[in-house]
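Take a look at the structure set out below.
The values are calculated or read from the model by the stated rules, or taken from the named source; none is laboratory data. Predicted model, so just to flag it, every value in this text is computed and none were measured. Quick reminder, even Gly has a Cβ in these numbers, built from the backbone with ideal geometry, and neighbours come from all protein chains shown. Accessible surface areas use protein heavy atoms only, side chains included; no ligands, DNA or RNA. Shrake-Rupley method; radii C 1.70, N 1.55, O 1.52, S 1.80 Å.
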Amino acid sequence: MRWRCWTALRSPGAGRTAVERGIDTEEPAMLRDGATHIASLNDGRAVHIDGRKVADVTADRAFRNAVATSGRLYDFVSDPANAALMTYDAGGGNPCNRIWEQPADRDGLVRRRLAMERWQELHCGFLGRSPDHVASCISGMAMGIEVFREHDPARADALEGYYRHARDHDLFLTYVIINPQADRSKAAHEQKVGQSGEHLTAGVVDQDGTGLTVRGAKMLATSAIMANEVFVTCIQPLAPGDAAHALSFAIPMNAKGLKVLSRKSYEGEARSTFDNPLASRFDENDAVLYFDDVKVPWDRVFVNQDVAMCQKQFHATPAHVYQNYQAQVRLMVKMRFLVGLGRRIAEVNGTTAFPQVREALGQLAAQAAMVEGMVHAMEAKGRQHGPFFVPDRHSLYAAQVLTQQLYPQVVTALRDLAGGGLIMLPSGIADFADPELAALIDRTQQSPATDSRGRVKFFKLAWDALGSEFASRHTQYEMFYAGASFVTKNHSFRTYDWDRAAAMVDFMLDSYSLADELDRRAAE
């Protein structure tokens with residue numbers, strides 16, 4: 001099929017009602033529980049790993065424990081005991097998961113943060129793309145629906161309908177918003193697959209009255225294994241000629257022609273929960289998605305081949321701020337866990353009273369408090385966006401700049417505190433099944449704070465957080481999930497109140513002059 005770039009036909013479906021476009025607006029909102037969510041993932045999606053196609057991600061050894069973790073998140077929300085914290089009334093009297101809430105004031109924003117904070121505590125912040133992340137993105141876009149309406153009323157209708165659909169069905173969404181790394185010196189439309197002449201990056205190859213046909217690759221589909229649907233767009237700046245790749249749409253993970261190419265499963269490599277307590281349960285997975293002529297219906301298309309609008313959907317609406325505010329809430333929780341890990345390292349090693357250890361722990365505590373303080377600053381300095389209250393942009397971007405640098409520093413500091421304890425460990429849980437080896441472990445694994453088995457258990461956890469392959473992936477993730485450092489620094493640059501800062505400089509300069517100084521010296 002030849003690549004065609006259709007820019008004139010932008011509004012199929014204009015004037016049709018939401019019901020006519022297939023959005024089920026009449027169904028009441030529902031809170032899904034864990035069993036419902038897990039069952040929804042056995043849908044025939046095309047997931048490939050280790051040279052094989054996975055029959056059922058909910059039962060496969062590479063993914064089943066992480067899938068079970070996602071189910072526990074939904075069980076927590078649907079538990080009536082947590083209703084006041086985790087749900088809100090979006091209208092009609094039916095409770096909705098608070099991740100979809102669009103708060104009207106600061107108190108509402110804080111209530112939503114408290115819900116997300118408690119949810120993140122269930123996995124200590126190690127699910128970087130839990131359901132609240134992309135829910136925040138779609139909710140933020142819907143807060144700026146006027147931007148979409150000015151661009152194309154039909155696409156605005158599609159976004160509004162999809163937000164309600166995802167909210168009312170409590171969907172787990174992931175996204176792919178980055179183009180594949182190939183030749184970074186070339187624009188998206190210049191990236192080719194070998195000598196075939198086909199484009200590498202996902203884009204439109206055909207368009208008709210029913211929707212778009214999309215072919216090509218996108219990254220990085222974190223949590224795609226556990227998600228119901230994927231939001232597909234491009235957050236990177238696009239160049240002239242890239243219109244075919246300037247898309248924004250959502251499709252189910254089992255869409256015909258959608259292929260999920262998984263990275264290595266750390267869960268699949270984990271020997272046991274005891275040996276890898278984090279990797280065995282919280283490996284959210286990452287994947288490349290390939291769209292093999294995937295059909296996208298118009299009621300799922302939010303931007304169609306418009307380079308400028310691809311950027312506006314994030315930065316002219318609250319979407320970019322709202323989704324990254326969620327990420328900072330998650331990191332705040334993760335930092336608490338890491339600081340707790342540091343304190344326990346000192347206790348298990350009997351070094352808490354050492355001045356240099358207290359100094360290191362004090363530094364870690366200050367770093368954790370900085371992240372928490374910046375999250376609170378985002379709320380305290382937030383602003384109204386029409387009827388909605390959104391976090392402060394510059395506080396967010398400042399936090400991103402600093403935390404990208406902070407995370408590897410914290411990991412290094414914790415490894416320094418632990419020393420050889422991280423690697424002076426039995427090979428695995430099987431060693432405890434041998435009475436002779438177990439006796440030797442009891443003799444060699446000593447601690448003033450716990451018995452030998454408690455010491456091994458703790459340092460297995462510490463290694464999985466700080467030194468394992470799972471841990472290394474998390475360091476890389478925290479350094480780059482918000483983009484390269486120059487990206488976040490440029491966000492900070494463009495959103496800082498430079499005029500106020502410059503006015504202080506001008507005030508000081510205006511408070512004295514060379515002529516006045518010369519006159520004063522002459523008078524003396």
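Each row is one residue, and each column tells you yes or no for (1) within 22 Å of the chain's Cα centre (by Cα); (2) open to solvent by 30 Å² or more (accessible area, probe 1.4 Å).
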| position | (1), (2) |
| --- | --- |
| GLY203 | no, no |
| ASP208 | no, yes |
| GLY211 | no, no |
| LYS218 | yes, no |
| ALA227 | yes, no |
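Among the residues making up region 69-80, a single one is outside any loop (DSSP other than H, G, I, E, B) and either on the phi > 0 side of the Ramachandran plot or of a type in the set (Asp, Glu) (or both): ASP75.
Would you be able to tell me the number of residues in region 89-113 that are closer than 15 Å to LEU171 by Cβ and at pLDDT below 95? Qualifying residue count for the region: 1.
Has region 480-498 got at least one residue that is more than 30 Å from ARG344 (Cβ to Cβ), free of Cβ contacts under 8 Å to residues at least 40 places away in the same chain and more than 23 Å from the chain's Cα centre (by Cα)? Checked against the condition, which is being more than 30 Å from ARG344 (Cβ to Cβ), free of Cβ contacts under 8 Å to residues at least 40 places away in the same chain and more than 23 Å from the chain's Cα centre (by Cα), region 480-498 yields at least one hit. Within region 431-453, the set of residues being open to solvent by less than 80 Å² (accessible area, probe 1.4 Å) and free of Cβ contacts under 8 Å to residues at least 60 places away in the same chain comprises ASP431, PHE432, ASP434, LEU437, ALA438, ALA439, ILE441, ASP442, GLN445, SER452. Of the residues ALA55, ALA66, ALA83, only one is out of contact with any helix residue (DSSP H, G or I) (no Cβ under 7 Å at 6 or more places or on another chain) and in a helix (DSSP H, G or I); which? Residue meeting the stated conditions: ALA83. Quick check: is even one residue across region 308-323 touching a helix residue (DSSP H, G or I) at 6+ places or on another chain (Cβ under 9 Å), in contact (Cβ under 8 Å) with a residue 12 or more places away in the chain and basic (Lys, Arg)? Yes, there is a match, as at least one residue in region 308-323 is touching a helix residue (DSSP H, G or I) at 6+ places or on another chain (Cβ under 9 Å), in contact (Cβ under 8 Å) with a residue 12 or more places away in the chain and basic (Lys, Arg).
If the condition is being aliphatic (A, V, I, L, M), surrounded by fewer than 14 Cβ atoms within 10 Å (Cβ to Cβ) and assigned to a helix (DSSP H, G or I), then region 409-430 contributes only ALA430. The one condition from (1) surrounded by fewer than 20 Cβ atoms within 10 Å (Cβ to Cβ); (2) modelled with pLDDT of 95 or more; (3) over 21 Å from the mean Cα position of the chain (by Cα) that LEU406 does not meet is (3).
Looking only at region 307-323, decide whether some residue is touching a Ser or Thr at 6+ places or on another chain (Cβ under 7 Å), under 28 Å from VAL134 (Cβ atoms) and either hydroxyl-bearing (Ser, Thr, Tyr) or open to solvent by 10 Å² or more (accessible area, probe 1.4 Å) (or both). Yes, region 307-323 contains at least one residue that is touching a Ser or Thr at 6+ places or on another chain (Cβ under 7 Å), under 28 Å from VAL134 (Cβ atoms) and either hydroxyl-bearing (Ser, Thr, Tyr) or open to solvent by 10 Å² or more (accessible area, probe 1.4 Å) (or both).
Within region 329-374, the only residue that satisfies the criterion of being surrounded by 20 or more Cβ atoms within 10 Å (Cβ to Cβ), among the small types (Gly, Ala, Ser) and out of contact with any Lys or Arg (no Cβ under 9 Å at 6 or more places or on another chain) is GLY342. For PRO237, the conditions (1) within 25 Å of ARG129 (Cα to Cα); (2) crowded, with 17+ Cβ neighbours inside 10 Å are fulfilled apart from (2).
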